[in-house]
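Every number here is computed from the coordinates shown, using simple stated rules; none is lab data. Everything quoted here is computed from the prediction, not taken from an experiment. Because the Cβ atoms are built from the backbone with ideal geometry, glycine has one as well, and the counts that use them run over all protein chains shown.
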Amino acid sequence: MKPVFASFMVFLLLASVMSAPAHGLIVAFSFADDNADPLFTRAHVPGTVTGKLHGLVDNANNQLPTAIEITSDISFLGMTDNMIDGDNFLNFWDPTGLDINGGVVTGGGFALNFFDPTAFGTQFRLNGGGYNVLINNTGPGPLIGTGNQDGFAGATYRVGDGSTVPEPATAVLAVFGIGGLIIRRRRRATP
């Protein structure tokens with residue numbers, strides 16, 4: 001009887017650990033260029049910038065992403081690194097952050113400078129100072145960019161689940177199966 005009780009206790013412990021929330025959010029974003037808006041003396045490149053913000057959670061305010069993945073074509077800037085993260089010497093000079101509540105981005109923004117290995121100094125803003133832009137800051141090429149001056153309304157956001165962790169119910173069923181095997185093997189071993 002003791003092995004059954006021990007297996008049951010292990011099951012309860014694993015079930016409680018595995019049922020805890022274990023996923024983060026990926027926030028997809030998009031903004032289009034508006035040639036009518038000035039871009040800090042940079043020439044406009046028409047088009048749309050799309051990407052994903054990593055490292056955010058739901059029901060929290062003033063969040064900064066740990067990484068920004070650009071999914072649209074960035075060749076117009078001469079960029080070769082589409083994942084902007086700690087390797088790019090991030091400098092959040094507007095660290096306001098995004099507000100996410102109930103699976104919806106409800107406000108906020110940020111602005112940062114970062115270093116691309118080819119394009120050198122680059123700037124990215126999502127409602128940073130009212131701008132949504134991806135622009136050259138320094139470097140050998142022309143000072144160009146794409147973006148708009150439409151503030152929070154000038155970008156779209158879609159919050160999604162970036163997890164590959166199995167659902168808690170799946171984990172509980174797996175633990176049930178392991179517990180059943182332990183009990184079954186012990187019963188067979190008894191003469």
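Per-residue Karplus couplings for segment 38-43, computed as 6.51 cos²θ - 1.76 cosθ + 1.60 with θ equal to phi - 60°, are listed in order as x, 10, 6, 6, 8, 6 Hz, Gly and Pro entered as x. Projected onto the charge dipole of segment 62-150 (+1 at Lys/Arg Cβ, -1 at Asp/Glu Cβ, origin at the Cα centre), which of Phe76, Gly103, Asn148 gives the Cα projection farthest towards the positive end? With unit charges placed on the Cβ atoms, the residue in question is Asn148. For the pair Ala60 and Phe120, the difference between a 0.36 nm per residue extended length and the Cα-Cα distance amounts to 18.3 nm. Stretched out straight at 0.36 nm per residue, the stretch from Thr156 to Asp99 would grow longer than its current Cα-Cα span by 19.1 nm. Spin-label model, Thr80/Thr48: points 7 Å from Cα along the beta carbon direction are separated by 2.9 nm.
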